[in-house]
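Novice: Pasting in a structure now, in structure tokens, and then I'll have a few things to ask.
The values are calculated or read from the model by the stated rules, or taken from the named source; none is laboratory data. This one's a predicted model, so the numbers in the text were calculated from it and none came from an experiment. Positions of Cβ are generated from backbone atoms using ideal geometry, with glycine treated the same way; all protein chains shown enter the neighbour counts. Areas reflect the complete protein model, heavy atoms only, side chains present, ligands, DNA and RNA absent. Shrake-Rupley method; radii C 1.70, N 1.55, O 1.52, S 1.80 Å.
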Amino acid sequence: MIAIIDYDAGNMKSVEKALIHLGEKPVITREREEILSADKVILPGVGAFGDAMAKLREYGLEEVIHEVVAKDIPFLGICLGLQVLFERSDEAPGVEGLGILKGKICRIPDAEGLKIPHMGWNSLELHHNGRLFKGIEENSYVYFVHSYYLKAKEEDTVTATTEYGTRIHASVEKGNVFACQFHPEKSSDTGLRILKNFVEL
């Protein structure tokens with residue numbers, strides 16, 4: 001069973017739909033026992049870093065996520081779900097992230113002709129043989145919607161990058177923790193393949 005963590009951060013239905021398309025039976029939940037008994041756990045999300053952390057704490061999900069990681073259950077953060085895995089974000093000074101991975105979330109720098117938020121398709125440069133990218137071709141396009149981007153402290157965890165006014169760490173993997181800044185559930189066949197790779201871990 002795949003648990004999709006519900007913390008009022010939107011985007012859960014499209015992730016659920018993509019997983020159903022792959023033949024899975026995902027459950028959207030914030031119940032501790034249900035999450036901890038899942039084979040895989042996904043934290044999707046769109047919205048603001050500070051609000052997301054407040055909701056995760058309000059629902060007691062911060063501890064649950066740490067337990068999932070400690071139990072070695074494969075865990076996937078998507079978009080905002082990637083950002084909250086890190087220590088802090090320029091979007092919410094003073095708000096601590098989950099701190100499961102090392103690095104910070106920075107605002108995409110303003111540049112002439114560059115629209116922020118970054119919304120649209122960008123190609124990925126792949127690194128370190130990421131398990132999520134098995135069978136994915138170099139420079140495959142995926143769909144992004146974000147104003148902030150990841151600067152991971154540990155370069156060896158970065159499995160995909162993209163360029164949008166700056167070099168963006170688009171995906172990371174460390175142990176049982178995986179995360180994508182882009183939306184695999186909105187990234188056509190490439191995105192479905194990435195989700196399938198996660199499901200089949």
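Novice: Identify the residue in the stretch 169-198 that is within 13 Å of the chain's Cα centre (by Cα) and aliphatic (A, V, I, L, M) and, among all such residues, is nearest to G81 (Cα to Cα).
Specialist: Applying the filter and picking the extreme gives A179.
Novice: Here's another thing I want to ask about it. Only one of these is surrounded by 22 or more Cβ atoms within 10 Å (Cβ to Cβ) and either basic (K, R) or in a loop (DSSP other than H, G, I, E, B) (or both): G81, G45, G94. Name it.
Specialist: None of the other options fit; the residue is G45.
Novice: Condition first: within 25 Å of K115 (Cα to Cα) and either part of a strand (DSSP E or B) or in contact with a Pro (Cβ under 9 Å, 6 or more places away or on another chain) (or both). Now tell me which residues in the stretch 174-189 satisfy that.
Specialist: Within the stretch 174-189, A179, C180, H183, E185 meet the criteria.
Novice: Restricting attention to the stretch 177-189, and to residues there that are touching a helix residue (DSSP H, G or I) at 6+ places or on another chain (Cβ under 8 Å) and open to solvent by 20 Å² or more (accessible area, probe 1.4 Å), which single residue is nearest to A70 (Cα to Cα)?
Specialist: Among them, the one singled out is E185.
Novice: Here's another thing I want to ask about it. Hey, D8 hits all of (1) part of a helix (DSSP H, G or I); (2) in contact with a helix residue (DSSP H, G or I) (Cβ under 7 Å, 6 or more places away or on another chain); (3) over 30 Å from R167 (Cβ atoms) but one; which does it fall short on?
Specialist: It fails just one condition, (1).
Novice: Pick from A54, A70, A160: which is within 25 Å of L19 (Cα to Cα), of a type in the set (A, V, I, L, M) and over 13 Å from the mean Cα position of the chain (by Cα)?
Specialist: When all the criteria are applied, what remains is A70.
Novice: Right, another one. Any residue in the stretch 17-39 that is over 17 Å from A170 (Cα atoms) and within 13 Å of the chain's Cα centre (by Cα)?
Specialist: The answer is no; no qualifying residue exists.
Novice: Of the numbered conditions (1) crowded, with 18+ Cβ neighbours inside 10 Å; (2) under 28 Å from I20 (Cα atoms), L150 satisfies every one except a single condition; which is it?
Specialist: L150 satisfies all of (1) crowded, with 18+ Cβ neighbours inside 10 Å; (2) under 28 Å from I20 (Cα atoms) except (2).
Novice: Right, something else. Within the stretch 125-141, does at least one residue satisfy the condition of being closer than 21 Å to V15 by Cα, under 17 Å from the mean Cα position of the chain (by Cα) and free of Cβ contacts under 8 Å to residues at least 40 places away in the same chain?
Specialist: no
Novice: Which numbered condition in (1) over 16 Å from the mean Cα position of the chain (by Cα); (2) open to solvent by 60 Å² or more (accessible area, probe 1.4 Å); (3) at positive phi is the only one that G60 fails?
Specialist: Of (1) over 16 Å from the mean Cα position of the chain (by Cα); (2) open to solvent by 60 Å² or more (accessible area, probe 1.4 Å); (3) at positive phi, only one is false for G60: (2).
Novice: A further question follows. Is one or more of the residues making up the stretch 79-94 more than 15 Å from the chain's Cα centre (by Cα) and under 15 Å from E173 (Cβ atoms)?
Specialist: no
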